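Below is one structure, written out as structure tokens; the observations come after it.
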Amino acid sequence: MFRVINSTLLFVSFGIFLSVVKAPRPEPRAHHSCVLLSSTIYCYGGVKRKPIEANGDQVIKSAIFLSLDLSHSTTVSEIGEAWNSIDGDIGPNFFFAMAPLPEINHFVIDGGRGSGDDKPITQEATYLYDVEKKQWNSQIGSLSGRVREHSHVGINWQNSTVFFAGGKRTELVENTNRAFPSYMTIFDALDANNWHKSADLLQGAGEHVRVRHEGALGKDGRTIYYVGGYYPTSIYMNSSYELVNMSHIQTYDTINAAWGNIEANGLQPSGRIDHTLTMNPSTGEFILFGGIDGVTKKLNSDVFYILNNDTGNWTWKNVTPNAVEPGAQGPGPIYGHSAVLAGNSSLFIIFGCVSSAGEATSDVYVLDVDKWEWRFSVPSIKNQEPGRNNIDNDNDNDSWIAGAILGTVIGAGLGVSIIVYVVLRKLRARRNKLAKSSSTNGVDHNISSTEFPIDNPQSHCTPPTDNGTTTRDKNTTVVPSISRSSQYNSVKPDGAPIHHHANSSTSTRLVMGKIKPDFGPR
């Protein structure tokens, strides 16, 4: 059944169309957030440096909203100059939650610290951005009794729903001193009510209440996994924090609305906050990258781990990616970055802090999660659909051009062959007619059974699949400019040349040669 967005979402917006302009290399930043929609990465907000507890002077206030087009192959070094700045942002922000809504081609931003100063935050708690109309929408309501939060996590589910968990409130809720949300908040962009909350509450303090943690939806499409972060030692605003044990994985069942916990084995990562967690849809593994020890304020030197369930038990494995391709390199220890998986195998590590002193970077790194290798060349990404591999080969443009040229040549040759065939058939028919009419004039036209082969080459055009790529047989000529399959069968005429015998007095005789199914003589 076709579903539409609530009319409020469609018609109540800022009422302005935003413009996209080419930007110089972005200002270094961290504690921003990025999402992928179609073949474009969108990044918002962040702080300049020392963002463990950023203040107003450190918050990014220009070129806040950026986009990166991945529809063309490029290199890591070229990405720095390829960002676009989108005008019409909603103001400075950091420590917010951001999640894509692929079904409606929107993304949502929720909460955050705003300008990071002591002034009241004037931004709405939640915004939707329409990437097609380039419009923000803030009139989407909120959960009754919910106040602005920061340092929480938003996870997309079924393309139009977001689950918000954890974090800390910017102010206390009426009639309670609890500074930390005790339930899962659910936003559905296709539901007229928009907001819901889970019935399963997280009471008290402890590891089940997390701040500056990370999460990702599992391959089963229903279970969310939360890893790392802080936990408060009390429920109050002035609570101190401890690091969550990295072997304690918190889960949430989106179907049964139930919290759970699993114990991970293997080589346990050191405790951390401000890391990223990404699920690899090809394998179901979770990719943990970066982070900082929120207690000692030192970057985690054990940067990269895999969490998988190959043996039936969730197990941590430490990984050291290679840099085989010339010019390829990784960022080393980093935190406050964003991680975006594009095409199911290219993991983009975007911006972040690269020193314990809070020095931020504007660099982007790309990891091939199939080979565990850092890339220098970056393949183009077709319009991204969840769960599909949308990577083009690096030679995509060259292959397309070669295919187009080959298709043009085949098409031209085919056209000429058809014309020649038609002309010869008409000539032969005319000669046959003349032969019959002239038999009374004493002219004998002996027609041999010899063939005139006219071979029409077959042209095979494999149609694009859903993800915009083309499935190619190794013996198939691919013509990218043709959208559906066409086949032309070879047809050979059964006539023969006419031999004139001026002195013959015999009557005209037609001799039909026997033809095999492949049109060859028997």
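The values are calculated or read from the model by the stated rules, or taken from the named source; none is laboratory data. Keep in mind that what you see is a predicted model, and the values were worked out from it rather than measured. Note: ideal-geometry Cβ built from the backbone for every residue, glycine included; neighbour counts use all protein chains shown. Heads up: the accessible areas ignore ligands, DNA and RNA and are worked out on the full protein's heavy atoms, side chains in. Shrake-Rupley method; radii C 1.70, N 1.55, O 1.52, S 1.80 Å.
Taking region 188-231 as the range and being closer than 18 Å to Leu172 by Cβ and modelled with pLDDT of 95 or more as the test, only Val211 passes. When Leu217, Leu190, Leu201 are checked against the criterion of being of a type outside the set (Lys, Arg), in contact with a Lys or Arg (Cβ under 8 Å, 6 or more places away or on another chain) and over 19 Å from Gly111 (Cα atoms), Leu190 stands alone in meeting it.
Answer yes if at least one residue in region 197-204 is of a type outside the set (S, T, N, Q), at negative phi, part of a strand (DSSP E or B) and open to solvent by less than 20 Å² (accessible area, probe 1.4 Å), and no otherwise. No, there is no match, as no residue in region 197-204 is of a type outside the set (S, T, N, Q), at negative phi, part of a strand (DSSP E or B) and open to solvent by less than 20 Å² (accessible area, probe 1.4 Å). Screening Ile249 with (1) in contact with a Lys or Arg (Cβ under 8 Å, 6 or more places away or on another chain); (2) of a type in the set (Val, Ile, Thr); (3) open to solvent by less than 40 Å² (accessible area, probe 1.4 Å) gives one miss only, at (1). The sole residue among Ala323, Ala328, Ala342 that is among the small types (Gly, Ala, Ser), modelled with pLDDT under 95, crowded, with 20+ Cβ neighbours inside 10 Å and at negative phi is Ala328.
Residues that are among the hydroxyl-bearing types (Ser, Thr, Tyr), open to solvent by 50 Å² or more (accessible area, probe 1.4 Å) and closer than 19 Å to Phe95 by Cβ number at least 2 in none of the strands (runs of 3 or more DSSP E) confined to region 135-183. Just to be sure before I move on: is Tyr236 under 28 Å from Asn105 (Cβ atoms) and of a type in the set (Phe, Trp, Tyr) in the structure I sent? It is false that Tyr236 is under 28 Å from Asn105 (Cβ atoms) and of a type in the set (Phe, Trp, Tyr). Checking each residue in region 68-121 for being among the charged types (D, E, K, R), within 15 Å of His32 (Cα to Cα) and open to solvent by 20 Å² or more (accessible area, probe 1.4 Å) picks out Asp89, Arg113.
With respect to Ser270, determine if the residue is in a loop (DSSP other than H, G, I, E, B), among the hydroxyl-bearing types (Ser, Thr, Tyr) and more than 22 Å from the chain's Cα centre (by Cα). Yes; evaluated as a whole, the condition is true for this residue.
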